[in-house]
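Following: one structure in structure tokens, then a few remarks.
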Ligand SMILES: Cc1ncc(C[n+]2csc(CCOP(=O)(O)OP(=O)(O)O)c2C)c(N)n1
Ligand SMILES: [Mg+2]
């Protein structure tokens with residue numbers, strides 16, 4: 001079968017199981033777009049290539065499949081960069097295909113030429129510049145393999161125009177991928193390390209399991225639950241670990257880190273053993289490293305050897321697939337009942353609940369974003385897919401929407417990319433058409449990728465957008481309030497009328513400024529079959545406008561700033 | 001402390017760039033890096049010397065190993081190995097007396113004179129870096145006009161294990 005490079009692209013995407021791609025055409029990729037309709041693959045036309053990369057990322061995180069983004073050369077390709085870096089930091093499997101100027105022009109500063117493989121070298125798991133059409137099929141096959149095998153990540157394929165146009169006999173690549181270097185990564189034998197880990201676990205009194213993104217990536221949720229129950233250890237989760245262990249489980253300890261739950265941070269600081277599973281001790285998780293978990297021995301299990309002993313030197317490093325490691329550990333550890341430890345922990349829980357803003361039953365309490373998220377959680381029975389942008393609302397979404405299932409909380413953790421929320425939600429809705437998808441976004445971040453509202457309408461996606469309208473770049477403002485003498489330098493936003501804006505795009509919208517309006521808007525938005533936006537006008541500053549607890553920069557986890565108690569929200 | 005890593009890599013365009021980019025990005029310091037062909041077609045071999053602790057070198061190795069085109073990395077610092085550095089050193093020889101003196105020194109170091117010019121000669125020295133350093137120190141007073149060194153290449157003694165076939 002003689003095919004052009006362009007046809008090989010779609011033929012191979014089809015063979016890799018791709019049903020949808022996100023992109024924008026342009027001069028250097030038009031040739032690839034031309035035969036698209038012959039292949040039955042859905043193309044979602046985004047309004048900015050950053051949106052294509054985030055949508056592919058959201059699609060990947062919601063579906064567990066590889067997301068695909070397509071862009072033209074030069075500015076199209078560079079617009080992908082933020083999305084690629086976001087996917088890299090959160091180990092999200094996406095494949096980006098970019099057009100490139102013709103091979104003969106590469107290196108001449110041709111129109112819309114940019115060295116995208118050079119630019120993305122440090123932010124892709126791997127990338128390719130295809131110079132021979134005969135390599136194309138196997139490169140695409142390899143790219144999909146790499147994106148989702150081992151530690152997942154973004155892969156970019158740069159396709160010169162002449163390669164797209166060239167014709168060749170299409171030879172389907174063999175199923176098996178020959179990558180001698182990549183194959184080597186899984187090789188070490190963890191048996192000894194697992195035995196030593198079991199010894200530490202059996203001899204400890206106050207363990208805490210730290211469950212990261214690796215739990216859901218390794219599909220180790222069940223193994224984790226069995227393991228935690230057997231050793232009777234509380235489980236704290238990272239931001240991306242949410243849903244890897246059910247929030248409703250009695251052993252659930254909450255989220256750890258800078259805006260983690262107080263009981264989780266306190267338990268970590270008091271623990272005599274940390275069992276870190278598929279997480280990487282990010283600085284947002286540890287606070288001051290030198291005073292992190294000072295009494296604890298540490299076991300670290302990760303698929304990526306380079307993560308072991310990177311920031312924290314551990315007592316036992318287990319380089320292994322997490323599910324495998326947990327299943328191997330299970331028969332080696334004693335069944336335990338750690339009543340005393342649980343009593344201590346539950347006291348901390350009680351204290352946390354007492355100061356929690358949503359437990360302040362105040363008749364005329366002003367609307368805060370925690371209340372909004374709690375109301376959405378109750379209305380949706382905790383079963384929605386929540387996709388967030390970055391800022392205060394993101395932390396509140398993590399704190400107040402409780403996740404019992406994996407792949408239900410989609411957020412930019414490692415890079416903290418504002419503008420991620422809306423396009424990622426769009427991708428998630430396409431991946432899970434029957435799920436209820438809520439995008440929780442800020443008034444700052446929404447406007448970084450707001451043009452994707454048009455994509456939402458064009459694709460008729462019924463996503464619900466909960467806009468945290470606090471008139472500020474809230475997370476930065478909070479730091480200014482707490483650490484910069486309330487000098488709100490360059491953080492106040494003069495906003496558009498978001499209801500009118502949404503309506504201009506053809507999206508139903510409501511405004512809610514108090515609890516009743518919020519409840520009714522949530523009901524109406526959920527009942528509406530199409531896309532909907534609710535502009536929640538929430539408390540802007542002070543106690544109800546700040547995220548608590550907070551571990552200030554340079555502080556240790558136990559030095560977190562707690563919400564003042566008792567509190568009357570919205571005063572000041 | 002200097003650590004020596006050996007990396008077998010796929011012989012493709014851009015691989016050196018990927019390795020160099022990794023060192024820059026992770027702020028690892030390279031002392032020297034040499035690349036060349038190996039006994040296998042399509043496989044090149046890098047000898048990388050880093051100024052680092054053992055655990056630092058391990059981090060370098062683990063990160064290198066993550067590069068798709070890197071087949072196998074090994075820290076050979078603690079293994080019995082042959083290491084060599086090659087230097088070409090151009091020295092001033094204003095008169096016959098200094099020339100004779102130089103020839104003697106070169107002999108003592110088991111180096112070779114590979115070119116004799118009107119007022120200069122080129123010495124080729126092969127050996128461990130320490131030996132080459134020693135020669136350079138002795139030649140310096142004569143006036144070194146130009147020098148080039150390859151940096152360390154290394155090979156483990158006995159049946160080499162750095163092959164990279166994963167089981
Ligand atoms: C692209 C990008 N630029 C800047 C920042 C720094 N930053 C982090 S949070 C934040 C404020 C976000 O404001 P908003 O979207 O209104 O959310 P809020 O915190 O008010 O909920 C900023 C500017 C970032 N994370 N990403
Ligand atoms: Mg805001």
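Points to keep in mind about this one:
Residue by residue, here is whether (1) touching a strand residue (DSSP E or B) at 6+ places or on another chain (Cβ under 7 Å); (2) over 15 Å from residue A:252 (Cα atoms) holds:
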| site | (1), (2) |
| --- | --- |
| A:305 | yes, yes |
| A:317 | yes, yes |
| A:323 | no, yes |
| A:337 | no, yes |
| A:350 | no, no |
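- Residue list for segment A:521-532, restricted to those being touching a strand residue (DSSP E or B) at 6+ places or on another chain (Cβ under 8 Å) and either more than 19 Å from residue A:448 (Cα to Cα) or in a loop (DSSP other than H, G, I, E, B) (or both): A:521, A:522, A:524, A:525, A:526, A:528, A:530, A:531
- Test: residue B:97 is at pLDDT below 95 and either touching a helix residue (DSSP H, G or I) at 6+ places or on another chain (Cβ under 6 Å) or within 11 Å of chain A (Cβ to nearest Cβ) (or both): no
- Residue match in segment A:404-413 (condition: away from chain B (no Cβ under 14 Å), within 15 Å of ligand 2 (Cβ to nearest atom) and within 26 Å of residue A:52 (Cβ to Cβ)): no
- If the condition is being surrounded by fewer than 16 Cβ atoms within 10 Å (Cβ to Cβ) and either more than 36 Å from the chain's Cα centre (by Cα) or away from chain B (no Cβ under 13 Å) (or both), then segment A:108-117 contributes A:108, A:109, A:111.
- Residue check, residue A:422 within 12 Å of ligand 1 (Cβ to nearest atom), assigned by TED's automatic domain parsing to the domain that holds residue A:399 and at negative phi: yes
- Any hit, segment B:19-28, residues being under 24 Å from residue B:128 (Cα atoms), in contact with a strand residue (DSSP E or B) (Cβ under 8 Å, 6 or more places away or on another chain), outside any strand (DSSP E or B) and within 13 Å of chain A (Cβ to nearest Cβ): yes
- Qualifying residue in segment A:125-135 (condition: more than 14 Å from chain B (Cβ to nearest Cβ), at pLDDT 95 or above and either assigned to a helix (DSSP H, G or I) or touching a strand residue (DSSP E or B) at 6+ places or on another chain (Cβ under 6 Å) (or both)): yes
- In a residue-by-residue description of segment B:65-86, the property of being farther than 18 Å from residue B:48 by Cα and either more than 14 Å from chain A (Cβ to nearest Cβ) or surrounded by fewer than 17 Cβ atoms within 10 Å (Cβ to Cβ) (or both) applies to no position.
- When residue A:278 is tested against the conditions (1) within 14 Å of chain B (Cβ to nearest Cβ); (2) farther than 18 Å from residue B:55 by Cα, the lone failure is (1).
- Listed conditions (1) in contact with a helix residue (DSSP H, G or I) (Cβ under 6 Å, 6 or more places away or on another chain); (2) more than 16 Å from ligand 1 (Cβ to nearest atom); (3) not in a loop (DSSP other than H, G, I, E, B) are all met by residue A:406, apart from (3).
- Those helices (runs of 4 or more DSSP H) of segment A:148-232 in which 3 or more residues are away from every other protein chain (no Cβ under 14 Å) occupy A:161-165, A:191-203, A:213-217, A:221-231.
- Taking first residues from segment A:439-451 that are over 16 Å from residue A:412 (Cβ atoms) and partners that are near ligand 2 (Cβ under 9 Å from one of its atoms) and part of a strand (DSSP E or B), the Cβ contacts under 6 Å between residues at least 6 apart in sequence or on separate chains come to A:443/A:469.
The values are calculated or read from the model by the stated rules, or taken from the named source; none is laboratory data. None of these values were measured; they are calculated from a predicted model. Note that each Cβ is placed from the backbone with ideal geometry, even for glycine, and that neighbours are counted across all protein chains shown.
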